[in-house]
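Let me begin by presenting the structure, written as structure tokens, before commenting on it.
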Amino acid sequence: MTYDPLDSATLADPYRVYAELRSTTPIFWHDQMECWVLTRYRDCQSVLLNPEVFATDWRRAGETVSEPWLSLQTLDPPDHGPLRSLFMNALKGQSLADIGARGGELVDRLLDKLEGQGEFDLIPEVIAPLALVTISDLLGIPCPELETFSHISDTIVRSMDASLESDDEIRAQLRADGIEARARLTSLVESWFDADPNPGMLAEVTEKRDSVEVPDHFVRNTVRVVFQSGYSSIVSGAGNAMLALLQNSESVEKLRDPELFATGFDELMRYDCSVQGTSRMATRTTKIGDTTIERGDVVLVLFGAANRDPEQFPDPDELILDRKPNQHMAFGRGPHTCVGNLFTQVTLQALIKSVLKRSTPLRLASEPVRRRTATMRYLDTLPVTFRTEEATG
């Protein structure tokens, strides 16, 4: 079958396509993306757990990487160890529980104002403000203006899919827009370093910066990545999780059980993950199963497909809130597991708990709209209401 990640039907439900690919061609070469595509859990895991052969630092396979792209994301073990420790220790120095509590209070205030308004869009009215306020709180930086930053973030996310576009002009424009957006974000990050930092993760990184023997641009670029990915992961993850709950109303009642919340949250992350895939480059000729991967070949690991693999997850298309075990890949796997995944989880949990505790249940008001992005699975709109069907009828 033809795999077009930006096809409207695939954007609406990529999991049906993944299932067909897994059963017919679980490993295949994609001409347009110029990479191998992996759809089975075991193959995806083998790549993610083997950074010696499958690199995020493409320089190890002979590629040139420009300075703005060099960050924690583009270093492999053992080189990435000191930089990862710097950021992980800075993260551990923050009270994620307090940040989550403040995020929950923000959600409560926003929903209080919206409850009597009938239909509203949960993405710009609640989820995006929550994401920007909490990631700013984590870093200890002034919260940017939402409309301006969301445009920067959306442009960067859209540019991730430039290689999926068949039109050369569109592809070139997306890449150019992405470079400009990253430059604007870099300028914003530089202003944080130039100012006296408030208590937060950035202050911790700045204080301990001299203990890490890596070029300064790696540190600054990593701050940019943490901020951008923290915001976009919350917006996309929260939208997907809330839609899954709203489409499975019986799960909302079950999730109110505190003993079920932890496993239920993990299941929401598995069921419709925000980051659908990531790439690695082979540092030497190797094999995945019976498929030969040459040195320099790019391999696309599809988290979304792995998270629905029936060999790993029985009844993978069902939302099973007490699923155990549940070793999903929503936040990656191996040495490049998302640095901010604990922060993201705390923030998403704060949103869900705030919605669950309200006396009037939230429900879908009309059909949501998917954004035309594939690497990150995003909702463009999520129209909801607190009104009952009788009241709106």
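Look at the range 97-126 and say how many of its residues are surrounded by fewer than 18 Cβ atoms within 10 Å (Cβ to Cβ) and assigned to a helix (DSSP H, G or I).
First, the residues of the range 97-126 that are surrounded by fewer than 18 Cβ atoms within 10 Å (Cβ to Cβ): 97-98, 101-102, 105, 108-109, 112-113, 115-119, 124-125.
Still in the list and also assigned to a helix (DSSP H, G or I): 97-98, 101-102, 105, 108-109, 112-113, 115-117, 124-125.
Result for the range 97-126: 14.
Of the residues that make up the range 188-207, is at least one modelled with pLDDT of 95 or more, part of a helix (DSSP H, G or I), more than 25 Å from Ile127 (Cβ to Cβ) and among the hydroxyl-bearing types (Ser, Thr, Tyr)?
For the range 188-207, residues modelled with pLDDT of 95 or more, part of a helix (DSSP H, G or I), more than 25 Å from Ile127 (Cβ to Cβ) and among the hydroxyl-bearing types (Ser, Thr, Tyr): present.
Give the residue, chosen from Glu165, Glu204, Glu169, Glu213, that is in contact (Cβ under 8 Å) with a residue 12 or more places away in the chain, exposed (fewer than 14 other Cβ atoms within 10 Å of the Cβ) and not small (Gly, Ala, Ser).
Going through Glu165, Glu204, Glu169, Glu213 in turn, just one is in contact (Cβ under 8 Å) with a residue 12 or more places away in the chain, exposed (fewer than 14 other Cβ atoms within 10 Å of the Cβ) and not small (Gly, Ala, Ser): Glu213.
Of all residues being of a type in the set (Val, Ile, Thr), in contact (Cβ under 8 Å) with a residue 24 or more places away in the chain and closer than 23 Å to Leu164 by Cβ in the range 26-77, which is surrounded by the fewest Cβ atoms within 10 Å (Cβ to Cβ)? Just the residue, please.
Residues of the range 26-77 of a type in the set (Val, Ile, Thr): 27, 37, 39, 47, 53, 56, 64-65, 74.
With the extra rule that they be in contact (Cβ under 8 Å) with a residue 24 or more places away in the chain, the set shrinks to 27, 37, 39, 47, 53, 56.
Retained after the next criterion (residues that are closer than 23 Å to Leu164 by Cβ): 27, 37, 39, 47, 56.
Working: Ile27: 18, Val37: 22, Thr39: 28, Val47: 24, Thr56: 21.
Once the filter is applied, the top-ranked residue is Ile27.
Those residues that are farther than 11 Å from Leu321 by Cβ and buried (at least 22 other Cβ atoms within 10 Å of the Cβ), I need them from the range 248-269; list them, please.
Met269
Given the criterion closer than 15 Å to Thr347 by Cβ and of a type in the set (S, T, N, Q), identify the matching residue among Ser136, Ser150, Ser187, Ser166. I'd like the intermediate steps shown before the answer.
Numbers: Ser150 fails: closer than 15 Å to Thr347 by Cβ; Ser187 fails: closer than 15 Å to Thr347 by Cβ; Ser166 fails: closer than 15 Å to Thr347 by Cβ.
Ser136 is the lone residue from the list that is closer than 15 Å to Thr347 by Cβ and of a type in the set (S, T, N, Q).
Take the residues of the range 93-128 that are among the charged types (D, E, K, R) and in contact with a Leu (Cβ under 9 Å, 6 or more places away or on another chain): which is farthest from Ser153 (Cα to Cα)?
Within the range 93-128, the first condition is being among the charged types (D, E, K, R), and the residues that meet it are 98, 102, 105, 108-109, 112-113, 115, 119, 121, 125.
Filter once more, keeping what is in contact with a Leu (Cβ under 9 Å, 6 or more places away or on another chain): 121, 125.
Numbers: Asp121: 19, Glu125: 17 Å.
Result: Asp121.
Of all residues in the range 74-86, which are of a type outside the set (Ser, Thr, Tyr) and touching an Asp or Glu at 6+ places or on another chain (Cβ under 9 Å)? Give the steps one after another, and end with the answer.
Within the range 74-86, the first condition is being of a type outside the set (Ser, Thr, Tyr), and the residues that meet it are 75-84, 86.
Hits for the range 74-86 are Leu75, Asp76, Pro77, Asp79, His80, Pro82, Leu86.
Is it true that some residue in the range 74-87 is charged (D, E, K, R), under 30 Å from Thr283 (Cα atoms) and in contact with a Pro (Cβ under 7 Å, 6 or more places away or on another chain)?
If we filter the range 74-87 for residues that are charged (D, E, K, R), which is where we start, we get 76, 79, 84.
Okay, now just the ones that are also under 30 Å from Thr283 (Cα atoms), so 76, 79, 84.
If we keep only those that are in contact with a Pro (Cβ under 7 Å, 6 or more places away or on another chain) too, we end up with 76.
Yes, the conditions are met somewhere in the range 74-87.
The values are calculated or read from the model by the stated rules, or taken from the named source; none is laboratory data. Here the structure is a predicted model, which means the values were calculated and not measured. Note that each Cβ is placed from the backbone with ideal geometry, even for glycine, and that neighbours are counted across all protein chains shown.
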